[in-house]
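Nothing in this text is a laboratory measurement; each read-out follows from the coordinates by a stated rule. Since this is a predicted model, take the numbers as computed values, not measurements. Every residue, glycine as well, gets a Cβ built from its backbone with ideal geometry; the counts of neighbours run over all protein chains shown.
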Amino acid sequence: MNIISTKDFSPENLGYFFDKTSEMRRLDNGTIDERRELASRHIGRQMYSLFYEPSTRTRSSFGLAAAKLGIGKDQTENAKEFSSAAKGETLEDTIQMFNNYHVDALVIRHPETGAAARAAAVAADHMAIINAGDGKGEHPTQALLDSYTIYEHFGRLNDLSVTIGGDLRQGRTARSLARLLALYPGNDVTFVSTPSFRIADDIKQELTQAGTSFRESDNVHDSVKQADVVYWTRLQKERFDPGESMQDEEFVIDQNVLDVMNPSAIIMHPLPRVGEITTDVDRDPRALYFRQAGNGLYARMALLDYLMARG
Amino acid sequence: MNIISTKDFSPENLGYFFDKTSEMRRLDNGTIDERRELASRHIGRQMYSLFYEPSTRTRSSFGLAAAKLGIGKDQTENAKEFSSAAKGETLEDTIQMFNNYHVDALVIRHPETGAAARAAAVAADHMAIINAGDGKGEHPTQALLDSYTIYEHFGRLNDLSVTIGGDLRQGRTARSLARLLALYPGNDVTFVSTPSFRIADDIKQELTQAGTSFRESDNVHDSVKQADVVYWTRLQKERFDPGESMQDEEFVIDQNVLDVMNPSAIIMHPLPRVGEITTDVDRDPRALYFRQAGNGLYARMALLDYLMARG
Amino acid sequence: MNIISTKDFSPENLGYFFDKTSEMRRLDNGTIDERRELASRHIGRQMYSLFYEPSTRTRSSFGLAAAKLGIGKDQTENAKEFSSAAKGETLEDTIQMFNNYHVDALVIRHPETGAAARAAAVAADHMAIINAGDGKGEHPTQALLDSYTIYEHFGRLNDLSVTIGGDLRQGRTARSLARLLALYPGNDVTFVSTPSFRIADDIKQELTQAGTSFRESDNVHDSVKQADVVYWTRLQKERFDPGESMQDEEFVIDQNVLDVMNPSAIIMHPLPRVGEITTDVDRDPRALYFRQAGNGLYARMALLDYLMARG
């Protein structure tokens with residue numbers, strides 16, 4: 001099994017991975033004997049992390065997940081500059097090399113959309129390819145941890161009112177979350193952004209086909225009032241169109257926004273943030289983004305635990 | 001417990017860490033069964049090395065210390081360039097992420113003075129912060145290994161004549177060693193440098209308050225004659241003032257200096273050296289700087305062994 | 001024992017390493033219990049990878065070899081930029097530091113010819129130096145995996161017709177393979193290249209002295225017809241002389257070349273390739289270059305298994 005796209009997930013396998021993620025969290029926070037048992041579980045298996053682009057969160061959480069499960073690992077932080085890629089080797093040749101190194105899982109981050117699928121196409125059966133982000137394409141383990149965080153809190157992924165805000169045009173986490181919500185009945189999605197950062201038509205079509213209700217707005221206060229989940233994303237200013245100016249201050253979660261939010265809501269963010277949630281919000285019990293980051297570790301442990309138990 | 005500053009050390013806990021450092025050296029140089037037992041001791045624990053600045057010695061000795069103790073680990077060599085920091089994430093947010101990754105120890109090197117203390121302020125109780133150098137601030141594990149090296153040789157840290165030479169103005173190892181010597185009675189310190197590289201007033205005040213005698217000199221030969229310990233540091237030429245020219249050749253430990261040194265003295269250096277100790281000195285039995293480097297490994301193993309045995 | 005040069009290998013120790021390489025491949029492709037036993041074999045030993053130059057293949061295969069054998073490890077990807085070397089530390093001082101870190105094996109890649117031998121000259125007895133490539137000098141583990149690949153297929157390293165093509169002037173793999181073939185009787189070597197990329201005189205002299213027959217050619221088709229082994233290398237275009245233009249298309253292995261090759265021949269390449277073997281050749285059963293890459297892992301495991309079992 002490869003993990004290439006959000007489309008690799010279904011309500012059935014998500015249910016399995018959610019239970020596994022909870023188990024990983026419980027054991028890792030258990031006694032030292034439980035942690036020791038966990039760290040002996042997959043001795044003899046190996047993972048390689050092949051990162052062609054910068055990453056702290058994703059790379060370190062995969063690295064720690066492997067360490068916590070006893071999986072041998074090696075990695076490159078900057079495959080683009082320090083590797084055979086610089087000499088002109090194709091991704092396909094690199095993958096065939098790792099096939100022959102008998103690696104059980106290859107975690108890949110690559111700047112080109114579709115790179116993980118290209119890797120999977122030439123990967124040997126014994127080597128699972130895990131997409132850790134490919135360009136503007138997919139980042140399925142982020143989608144897994146995001147949906148787990150909602151599930152962990154509410155006990156369900158259906159019949160929820162979800163507001164997704166910030167850069168929806170290019171943010172792959174916003175797109176992926178909308179897709180996953182469309183797999184479950186009764187969800188209601190509000191997209192909030194300025195006109196030039198609106199969610200793309202393909203996602204709107206998917207939601208329509210799935211029968212998931214949604215609307216678009218440019219008013220933060222109105223959009224968060226009824227939400228069970230407020231999912232906020234970073235404004236990627238390097239991608240602004242020339243001459244365009246986004247009123248940042250209108251897209252910030254601060255005490256004023258907290259005041260109008262549902263008391264039982266949760267606030268999520270894929271991190272890093274650069275000002276779009278003020279730090280005083282961190283003390284609010286509804287702020288779940290750091291726990292969400294931790295769920296990234298446990299969701300990746302769940303995936304690896306599943307993949308390593310095969311064969 | 002966090003290890004942020006030389007001030008975290010006292011004669012009491014230094015005694016404990018010195019014994020532990022000796023134990024680590026003994027076991028690591030013991031039989032393969034002893035090394036194997038050591039490498040199984042902390043299975044189930046994890047450490048992360050977050051380095052925002054270049055380092056060979058410190059980073060590799062922490063990495064090997066973890067490996068030798070069975071601690072799972074992951075790291076980034078260049079957090080500044082390849083991480084969320086490049087996207088504008090604050091150090092505090094990065095630390096809160098590692099809190100949620102349930103890491104037992106976070107080793108941090110950062111260019112800004114005070115960064116490790118800022119990290120400790122937001123670190124969870126279960127995660128020990130170890131300062132591996134923050135700007136011109138502190139480098140406490142260097143101070144630990146330096147004082148251990150003296151203790152290992154002389155069996156005490158009191159009633160010693162210590163000459164500290166080279167760049168005393170900016171060298172944090174020289175400053176830290178002077179501080180630690182002030183914790184013990186009867187030490188006598190000679191600082192030797194050119195006028196523009198003199199030790200700063202804050203250290204002189206600390207020594208005065210502690211009742212530790214000291215003097216300043218610009219004559220190497222005179223300063224080393226009576227010393228039990230000659231602690232030499234690198235001249236950081238990139239920090240010379242414009243128009244200033246240091247007579248390097250006067251601040252070199254070579255055969256001429258050896259000839260006037262006490263036969264029972266020891267020569268230390270935090271390394272790397274770039275000519276301020278000539279290589280023919282390496283063969284002199286008083287040259288302890290490579291053993292000192294090895295003590296860096298064992299002192300860090302001692303710290304980690306202590307921190308990992310908690311809770 | 002250090003592994004510095006192809007000259008460290010003899011028919012006697014190659015026979016031992018070939019058997020060990022086969023054992024490593026068998027166990028790593030065996031049951032999970034066999035892999036788990038392997039990954040527990042050398043717990044308590046440590047390896048450090050000190051890479052001053054980019055590498056994917058060599059560095060990751062050493063890293064995975066250590067993981068698969070239970071050897072603790074740490075590494076630097078880019079020692080040149082991120083280490084004490086940038087501050088002016090000599091290689092000799094760096095090696096003496098690792099002596100004192102009590103590392104069992106130090107794997108070194110360095111841009112300067114002779115660097116590994118310089119490292120070995122100051123390395124402690126307990127620390128094996130493994131040359132992972134030093135400038136235009138040596139890359140002995142590549143020579144080991146190349147010769148193993150031939151041995152694995154033919155069951156011998158003697159009485160073979162071997163054609164070596166591409167950049168023979170600067171390619172250290174081509175030079176090393178020729179050297180190893182001269183250790184065995186009855187081999188016949190054809191060097192095929194354009195005039196400016198011809199094999200150097202020192203290799204020709206070695207072959208002559210060993211009584212190994214050889215010839216030079218610039219015709220690919222003629223040269224591969226009778227070969228048991230076709231060993232192809234990358235044209236390092238950055239090294240072309242000014243005004244020189246190599247007819248690349250004449251030095252490409254493609255279907256036309258396959259058509260004239262011996263049906264029982266094998267095609268090898270040290271990788272990466274950048275067009276000098278077309279991808280349709282991959283499907284031909286004679287194409288062994290990806291298996292050869294995998295043999296790089298197993299040959300390095302064999303070396304490490306041998307070195308770690310000492311003392």
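Data overview
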read-out: Cβ nearest the rotation axis (A onto C), residue from chain A and distance to the nearest whole Å; value: A:E77, 4
read-out: From phi via Karplus (6.51, -1.76, 1.60), per-residue ³J(HN,Hα) for segment C:101-108 in Hz, x at Gly/Pro; value: 8, 6, 8, 7, 8, 10, 9, 10
read-out: Within 10 Å of each Cβ in C:110-117, the average number of Cβ atoms from other chains; value: 0
read-out: Shielding by other protein chains, A:29-42, mean Cβ within 10 Å; value: 3
read-out: Net charge dipole size for segment B:141-293 [Lys, Arg +1 and Asp, Glu -1 on Cβ; Debye, nearest 20]; value: 480 debye
read-out: Normalised contact order of segment A:1-74, rounded percent, pairs of Cα under 8 Å and 6 or more residues apart; value: 31 percent
read-out: Computed label-point distance, nm, for sites C:A210 and A:N29 using a 7 Å Cα→Cβ extension; value: 6.3 nm
read-out: GNM flexibility winner over chain A from A:V274, A:V224, A:V257 (Cα, springs under 10 Å); value: A:V274
read-out: Which of B:L258, B:G186, B:T233, positive extreme of dipole for segment B:141-293 (C-beta unit charges); value: B:G186
read-out: Per-pair calculated FRET efficiency, R0 = 60 Å: A:A200 and B:D259 via Cβ, rounded to 0.05; value: 0.15
read-out: 222 nm mean residue ellipticity, helices alone, for chain C (DSSP H n ≥ 4; -39,500 (n - 2.57); rounded to 500); value: -12000 deg cm²/dmol
read-out: Calculated label separations, A:A210, copies of the chain, 7 Å along the beta-carbon direction, nm; value: 6.4, 6.4
read-out: Other-copy label distances relative to C:S264, 7 angstrom Cα-Cβ extension, nm; value: 7.9, 7.9
read-out: DSSP-defined antiparallel bridges as percent of all bridges, segment C:141-293, nearest 5; value: 0 percent
read-out: Mean separation of Cα contacts under 8 Å (6+ apart) over length of chain C, as relative contact order %; value: 19 percent
read-out: Prolate/oblate/rounded label for segment A:6-66 (Cα gyration tensor, a/c 1.5); value: oblate
read-out: Within 10 Å of each Cβ in C:269-282, the average number of Cβ atoms from other chains; value: 3
read-out: Cα gyration tensor shape for the protein assembly as shown, rounded if a/c is under 1.5, else prolate or oblate; value: oblate
read-out: Cα gyration tensor shape for segment B:153-311, rounded if a/c is under 1.5, else prolate or oblate; value: rounded
read-out: Cβ-vector label at 7 Å, B:P285, separations to other copies in nm; value: 7.0, 7.0
read-out: Cα-centred dipole magnitude for the protein assembly as shown, charges only on beta-carbon of K, R (+1) and D, E (-1), debye, nearest 20; value: 1680 debye
read-out: Residue with peak Gaussian network fluctuation, chain A [Cα springs, cutoff 10 Å], from A:G133, A:G275, A:G88; value: A:G88
read-out: Entries of C:K7/C:K87; B:K68/B:K225; C:K204/C:K225; A:K20/A:K80 with Cα pairs more than 30 Å apart; value: C:K7/C:K87; B:K68/B:K225; A:K20/A:K80
read-out: For chain C, built as a Gaussian network whose Cα springs stay under 10 Å, the top-fluctuating residue of C:Y298, C:Y148, C:Y16; value: C:Y16
